[in-house]
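A.B. asks: Sending over a structure as structure tokens; questions will come in a sec.
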Amino acid sequence: MDFSNNKETTDISNDEEKISKEKEEYLKDIDELGFSEDEIDLKAKVSIPLSKGDRSNILMLNNIALEFKAILSGKDKQEGTENYVQVGRAWASRSFIDASYGILNSYSEQANLVTSKDEETFFIQFTDAFNKINNMMLLDRSILPKFYSPIIKLIKDRLVNIGNIITNNNGNMEAVIGRIGEEQREEYIR
Amino acid sequence: MKFLGFGKKKDKKKDAKKEENKPKTVEQKKDNLSGVSGGEVNIKVFMTFGGSVNTLKDQFTAVETRDGAGGLLFYNQDKMFVEDVDFEKDDVFRELKIILEIKEKTPKEQLKILDKKIDRQKKIIAYLMKHDKLNAVYNFADEDLKLRDLQVLRSHIDNIDEKQGSFYTLEGGKRTFSFLKKDGFFYPIWHGVSHYSTYPDYIRKRKIHTAETEIFKTEWGNKLKRILPIATIITLAILLVILILGNLYVGTVLLGKNADMDKQLHGQAFKCAEYTSAMNMQIGALFSNKCIDMLMDEENMTRIEIADKYVPAIKDLSPEKQ
């Protein structure tokens, strides 16, 4: 008595039924809310192109900000593509996402690249941007506490990457933030 | 007796009412209104003791102060009472009432509109949890917050205190805030009924906020501390190099001068040696003279002794002579 083949066939048929039911439900639900499928598909997908040949700093900086916005909006990167697709719920309110995106995207202005920045001048910009976003997060009532530290981490990482691109000494930001404060971090964990 | 007893009770009540209606003296008024101009507030702490009825456990005055972040606190040192105060609730209600266009409607109509809105909002959240793609159109965090605000507004309108119309009461000119103590935490009681809050996670988020800002400060503070020693080391190194170079220069100059001095000294010494050799020669020649030899002879010495007139300059103390 071998039921393995039968099982597989029943499982597959069940899955297909499930998917078709889910699809029907989805279409019904979005129709009730007053949206079309194409409209939602269009908004659910964001492409952030980063071609290998093009290495312009402005594009790279803009992509950092766009990627940050996509992650906070609940999107994730599709494997092997340049598309970010909606996979979950947003981490924060739309107003916070837009404001923090604006702060990060301000670095991709030409003026930031034309002026040669050393570590100290970027440090002023860095602390200002961090404090603004940090305070904004405290006042934003929609952000859940569990998302607070991950968002801070994301912002720090992006700002460090921006610093590496903008400042004259390549890789200096990693040396500054990566190594320093590890002992203090351990203390806080305790 | 019963009549008498009732009569007595009635009289007591009347007396109490009369006393209440009597005009208060200036001193009494002062006692009641002391601390009105300051930041003092009355605090009432309620507890349920496992039941559903709130019973007054403690009552005291607290002072309004601000913490390091500028947040408003109620503080009483004796009672070890420190609690946050947030007035955002009023602003949220005001905004919501304007947005929903329910400001000039009766409470019943307001509740009807709010119920409809809450139902729709719940549906949207259910759809968002069901279908991930819908999150591209609706922001879950925003919709969740909207539902919470609507629920709080509904509760607020349902349980509104008609006399005061605010979330605190006035007693003796001071604001009175009520708290329900449960499991060691103080829950603010707005109008004594509402259990909803527009910002329930504020305290926890502020803790994370302060921790993150501290981490950031230590990271960048250390960075600055690290830069300073490097600068000092560089300056010290430069100073050391300058000192070494200076020493070398001065040393070479001194060595040159020393060599000159040595040359001069050597010349003088040579001259001295010449003079001394010449003198030796002359003294040698002088001693070899016959006249002096004769004077130095023994015979001459005996002659002096014989004369007895002369005492020899050096007395001979040898035992043979004595």
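Rule-based calculations on the coordinates, nothing more; no lab input. Source: prediction; values computed, not measured. Ideal geometry is used to build each Cβ from the backbone, glycine not excepted, and the neighbour counts take in all protein chains shown.
A.B. asks: Which net charge results when you count Lys and Arg as +1 and Asp and Glu as -1 among the other residues whose beta-carbon is under 12 Å from that of residue B:45?
C.D. replies: Spelling it out: positives minus negatives among the neighbours equals +3.
A.B. asks: With θ set to phi - 60° and the Karplus curve 6.51 cos²θ - 1.76 cosθ + 1.60, what are the ³J(HN,Hα) couplings of segment B:122-134 in order, to the nearest whole Hz, using x for Gly and Pro?
C.D. replies: Along segment B:122-134, the couplings run 4, 4, 4, 5, 4, 5, 5, 6, 7, 10, 5, 4, 5 Hz.
A.B. asks: In what sequence do B:209, B:266 fall when counting other Cβ within 10 Å, fewest first?
C.D. replies: B:266, B:209
A.B. asks: Cα centroids of segment A:79-145 and segment B:66-137: how far apart, whole angstrom?
C.D. replies: Comparing the Cα centres of segment A:79-145 and segment B:66-137, I get a distance of 26 Å.
A.B. asks: Please list the non-local residues whose amide H lies under 5 Å from the amide H of residue B:83, H modeled 1.01 Å from N, same-chain partners needing a gap of 5 or more.
C.D. replies: Here the answer is B:74, since their amide H atoms fall under 5 Å of that of residue B:83.
A.B. asks: Sticking with this one: Grab the eigenvalues of the alpha-carbon gyration tensor for segment B:201-274, scale each by 5, take roots, and send me the semi-axes largest first in whole angstrom.
C.D. replies: 71, 8, 4
A.B. asks: Same structure, new question: Counting other C-beta atoms within 10 Å, which of B:111, B:245, A:144, A:159 has the fewest, and how do the rest follow?
C.D. replies: B:245, A:144, B:111, A:159
A.B. asks: For B:60, B:287, what ranking results if the residue with the fewest other Cβ atoms within 10 Å of its Cβ goes first?
C.D. replies: B:287, B:60
A.B. asks: Then there's this: Taking each residue of A:145-151 in turn, how many C-beta atoms of other protein chains fall within 10 Å of its C-beta, and what is the average?
C.D. replies: 4
A.B. asks: Within 10 Å of each Cβ in peptide B:266-274, how many partner chain Cβ atoms are there on average? Round it to a whole number, please.
C.D. replies: Mean partner-chain Cβ count within 10 Å for B:266-274: 0.
A.B. asks: For segment A:38-43, take each phi angle, set θ = phi - 60°, evaluate the Karplus expression 6.51 cos²θ - 1.76 cosθ + 1.60, and give the result in whole Hz per residue in order, putting x for glycine and proline.
C.D. replies: 4, 4, 6, 4, 5, 7
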